[in-house]
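S.K.: Here's a structure for you.
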Amino acid sequence: MLLLKDAMLAPRGAVVARLLRGLGAPAQARGLAGQGPQQGGGGSNPTTYDVVVVGAGILGLAAARALLLRWPRLRVAVLEKEAGVAQHQTGHNSGVIHSGIYYTPGSLKARLCVRGAGLLYAYCDQRGLPYRRCGKLVVAVERAELPRLRALYERGLQNQVLGLRLLQPPDIQAREPHCRGLLALECPSTGIVDYARVAAAFAEDFQEAGGSLFTSFEVSGMRLAPDLSGAPIVLRCARGAHVHARFVVSCAGLHSDRVSQMSGCSPQPTIVPFRGDYLVLRPHRTHLVQGNIYPVPNPDFPFLGVHFTPRMDGSVWLGPNAVLAFKREGYGPLDFSVQDTWDSLRNSGLLRLALGNISFGLGEMYRAFFLPATIKQLQKLVPEISIRDVVRGPSGVRAQALDHLGNLVEDFVFDGGAGALGTRVLHVRNAPSPAATASLAISEVIADEVEQRFKL
């Protein structure tokens with residue numbers, strides 16, 4: 001794997017903290033002519049770049065870094081609407097480094113998760129980023145789950161996930177003394193990491209390689225200025241600033257469909273936000289969990305079910321549930337956006353999804369508000385846990401792509417559009433879990449797509 005020598009030697013603490021809490025003024029690249037986005041509608045010398053990446057989550061930063069690793073002389077900028085990097089999906093997930101057992105063999109998710117996990121572990125080693133390879137058990141607690149668990153084992157083998165084995169009850173207890181089950185699939189390559197710190201390290205690499213990172217720059221419009229043949233795309237900020245680009249890569253996460261429509265590309269698939277709420281084990285009960293403990297996924301429902309996840313800070317998260325969010329960046333149950341809710345209500349695909357999963361949806365809403373119902377689910381895996389052992393924890397929002405027929409888009413999706421503007425833009429349209437695990441592998445795909453589509 002290619003790494004930046006300077007980045008490996010750079011002191012990390014202060015830089016990472018600054019990136020995570022917000023950069024304030026734009027962090028300018030070395031050797032670029034521009035001194036920041038041009039303000040207002042006038043001005044004859046707006047900042048100009050070869051490629052502008054929209055979004056400073058882990059994928060946008062990995063992609064920008066990959067572009068400069070492949071083309072060191074390229075002028076690349078990242079535009080982020082928040083005051084710091086990794087503020088949404090990257091900074092609000094469970095922190096699991098996935099092994100790749102769940103995904104359809106031959107799919108992008110399967111291939112890029114397995115490769116990405118290896119690249120991520122190597123990157124963390126070389127950058128001195130902490131992680132734990134604590135493993136995972138997927139546990140069958142009912143006989144009806146046994147065929148599905150064995151099928152998951154076979155799928156993992158097809159995906160070339162290393163070290164998989166099936167554990168009988170005595171081996172389950174040797175691995176997780178407080179867990180109970182009939183059979184378990186052990187995935188020793190699963191780990192945990194702080195993805196916000198990984199994203200900050202990507203940002204540091206990117207800037208040291210000559211890239212520009214602009215925070216508090218919310219892209220509100222994208223248009224073509226044909227008279228500017230060198231960099232004809234104009235990206236406008238809600239506050240009036242603008243930059244010019246030859247090409248654009250959108251890694252806009254929860255807003256990926258909206259950015260796509262700005263560029264004249266297809267509105268499909270649309271993004272539906274699902275909020276996931278976590279519980280946290282009280283500190284004196286964290287000994288109940290050694291590694292990740294997951295249930296056998298039910299193929300009738302679109303999510304993995306509540307599980308136990310240790311964290312890098314020593315805490316243990318339980319969950320998440322999955323309920324429709326009424327705001328794309330709404331982390332509380334009462335967070336509400338008129339625009340986001342209206343977009344969801346008029347989404348015919350979401351209506352079809354809801355009608356086809358009524359029992360699942362009602363169950364998730366019930367468990368979100370009635371804590372004993374969630375505890376009952378968790379007790380199937382760790383019987384000792386009680387409602388006194390947990391407190392309510394953080395939440396995250398997952399950007400899930402949905403087609404017009406109401407089907408959740410299962411694989412990663414990259415696309416562009418037609419016309420003079422659309423052919424100059426590459427969109428990452430669907431990148432839910434395991435996108436953080438696969439971020440370095442996805443960045444390679446993005447660089448390949450940029451090279452092929454834009455003829456760099």
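What follows is calculated from the coordinates using simple rules that are stated; it is not laboratory data. Remember, it's a predicted structure, so these values are computed and weren't measured experimentally. As a convention, Cβ positions derive from the backbone with ideal geometry for all residues, glycine included, and neighbour counts pool all protein chains shown.
S.K.: Filter the trypsin sites (Lys or Arg not before Pro) in the range 225-277 down to the DSSP loop ones having no more than 16 other Cβ atoms within 10 Å, then list what survives. Spell out each step's value before the answer.
M.R.: Values: sites: 236, 239, 246, 258, 275; in loops: 239.
When the trypsin sites (Lys or Arg not before Pro) of the range 225-277 are filtered for loop state and at most 16 Cβ neighbours within 10 Å, 239 remain.
S.K.: I would also like to ask the following. Ordered by residue, what ³J(HN,Hα) values in Hz, to whole numbers, does the range 193-200 give under the Karplus form 6.51 cos²θ - 1.76 cosθ + 1.60, where θ = phi - 60° and Gly and Pro are x?
M.R.: In residue order, the calculated couplings are 7, 8, 5, 5, 5, 4, 4, 5 Hz.
S.K.: Measure nothing but the geometry: give the 0 to 90° angle between the long axis through the Cα atoms of 358-369 and the longest principal axis through the Cα atoms of the chain, rounded to 10°.
M.R.: It is inclined by approximately 90 degrees.
S.K.: Another question about this same structure. Between the range 390-443 and the range 78-117, what's the alpha-carbon centroid distance in Å?
M.R.: Cα centroid to Cα centroid, the span is 10 Å.
S.K.: Enumerate by residue number the trypsin sites (Lys or Arg not before Pro) in the range 307-355 meeting two conditions: DSSP loop (anything except H, G, I, E, B), and at most 14 other Cβ atoms within 10 Å of the site's Cβ. Don't skip to the end; give the middle numbers.
M.R.: Values: sites: 311, 327, 328, 346, 352; in loops: 311, 327, 328, 346.
Those satisfying the criteria are 346.
S.K.: Give the distance, in whole Å, between the Cα centre of the range 326-369 and the Cα centre of the range 161-207.
M.R.: Taking the Cα centre of each part, the range 326-369 and the range 161-207 sit 30 Å apart.
S.K.: To continue, here is another question. With n ≥ 4 as the cut-off for DSSP H runs, can you work out [θ] at 222 nm for the chain, using -39500 (n - 2.57) per run divided by the number of residues, rounded to the nearest 500? Write out the running numbers ahead of the final one.
M.R.: Working: 14 runs with 146 residues, N = 456.
Helix-only estimate at 222 nm: -9500 deg cm²/dmol.
S.K.: Which of 81/376; 327/455; 136/376 have a Cα-Cα distance over 30 Å? Display every interim value, and only then the final one.
M.R.: Details: 81/376 40 Å; 327/455 38 Å; 136/376 21 Å.
Checking Cα-Cα distances, 81/376; 327/455 exceed 30 Å.
S.K.: List the trypsin sites (Lys or Arg not before Pro) in the range 84-186 that DSSP assigns to loop (not H, G, I, E or B) and whose Cβ has at most 15 other Cβ atoms within 10 Å. Which are they? Walk me through the intermediate numbers first.
M.R.: Values: sites: 109, 111, 115, 127, 132, 133, 136, 143, 148, 150, 155, 165, 175, 180; in loops: 133, 180.
Here the sparse-neighbourhood loop sites are 133.
S.K.: Would you pull out the residues with amide H under 5 Å of residue 393's amide H, same chain only if 5 or more places away, H placed 1.01 Å from N?
M.R.: Here 278, 279, 280 satisfy the definition.
S.K.: Return the label of the correct value of semi-axes √(5λ) of the Cα gyration tensor in Å, as calculated from the structure shown, out of [x] 34, 26, 21; [y] 38, 24, 20; [z] 49, 21, 21.
M.R.: [y]
S.K.: Remind me, relative contact order of the range 406-456 in percent, using alpha carbon pairs under 8 angstrom and six or more residues apart? Please report the intermediate quantities before stating the final value.
M.R.: Numbers: 36 pairs, mean separation 15.3, N = 51.
Rounded, it is 30 percent for the range 406-456.
S.K.: Please work out whether the range 59-167 counts as rounded, prolate or oblate from its C-alpha gyration tensor, where a ≥ b ≥ c are the square roots of the eigenvalues and a/c under 1.5 means rounded, while otherwise a/b larger than b/c means prolate and anything else oblate?
M.R.: Details: a/c = 2.37, a/b = 2.07, b/c = 1.15.
It comes out prolate by the Cα gyration axes.
S.K.: At 7 Å along Cα-to-Cβ for each site, give me the label-to-label distance between residue 403 and residue 451 in nm.
M.R.: The answer from the label model is 3.0 nm.
S.K.: Right, next: Give me the number: length gained by fully extending residue 391 to residue 413, i.e. 0.36 nm times residue separation minus the C-alpha to C-alpha distance, one decimal in nm.
M.R.: Numbers: separation 22, 0.36 × 22 = 7.92 nm, distance 3.67 nm.
The residue 391-residue 413 span can extend by a further 4.3 nm.
S.K.: Another question about this same structure. May I ask you to sort 443, 216, 386 by Cβ crowding, counting other Cβ atoms within 10 Å and putting the fewest first?
M.R.: On the way: 443 27, 216 19, 386 12.
With the sparsest Cβ surroundings first, the list reads 386, 216, 443.
S.K.: Which shape class, rounded, prolate or oblate, goes with the range 260-377 when its Cα gyration tensor gives a ≥ b ≥ c as root eigenvalues, a/c under 1.5 marks rounded, and past that a/b bigger than b/c marks prolate? Before the final figure, lay out the partial values.
M.R.: Numbers: a/c = 2.14, a/b = 1.84, b/c = 1.16.
Taking the square roots of the gyration eigenvalues as a ≥ b ≥ c, the range 260-377 is prolate.
S.K.: Okay, moving on. Report the full-extension gain for the segment residue 362 to residue 420: residue separation times 0.36 nm, less the Cα-Cα distance, to one decimal in nm. Could you put the intermediate results ahead of the total?
M.R.: Values: separation 58, 0.36 × 58 = 20.88 nm, distance 4.56 nm.
Fully extending the segment from residue 362 to residue 420 adds 16.3 nm.
S.K.: How much of the DSSP beta bridge set in the chain is antiparallel, as a percent to the nearest 5? Working shown, then result.
M.R.: Numbers: 47 of 68 bridges.
Beta bridges within the chain, antiparallel portion: roughly 70 percent.
S.K.: If exposed chymotrypsin sites (Phe, Trp or Tyr not before Pro) are those in a DSSP loop with at most 13 other Cβ within 10 Å, what is the longest stretch of the chain that has none? Can you show the working numbers first?
M.R.: Numbers: sites that count: 336, 370.
My reading of the result: 1-335 is the longest stretch.
S.K.: Roughly what would the spin-label model give for residue 225 and residue 282, points 7 Å off Cα along C-beta, in nm?
M.R.: Computed distance between label sites residue 225 and residue 282 equals 6.1 nm.
S.K.: Through the Karplus equation 6.51 cos²θ - 1.76 cosθ + 1.60, θ set to phi - 60°, convert the phi angles of the range 377-382 into ³J(HN,Hα) values in whole Hz; use x for Gly and Pro.
M.R.: 5, 5, 5, 5, 9, 10
S.K.: If you don't mind, another one. In nanometres, what is the gap between the two model label sites at residue 165 and residue 371, each 7 Å from Cα along Cα-to-Cβ?
M.R.: Roughly 3.9 nm, to one decimal.
S.K.: How high is the relative contact order of the chain, given as a whole-number percent (alpha carbon pairs under 8 Å, six or more residues apart)?
M.R.: On the way: 998 pairs, mean separation 99.5, N = 456.
Worked out over the chain, it gives 22 percent.
S.K.: Using θ = phi - 60° and the Karplus relation 6.51 cos²θ - 1.76 cosθ + 1.60, list the HN-Hα couplings for the range 56-72 in order, rounded to whole Hz, with x at every Gly or Pro.
M.R.: 10, x, 5, 6, x, 5, 5, 5, 4, 4, 5, 4, 6, 5, 7, 10, x
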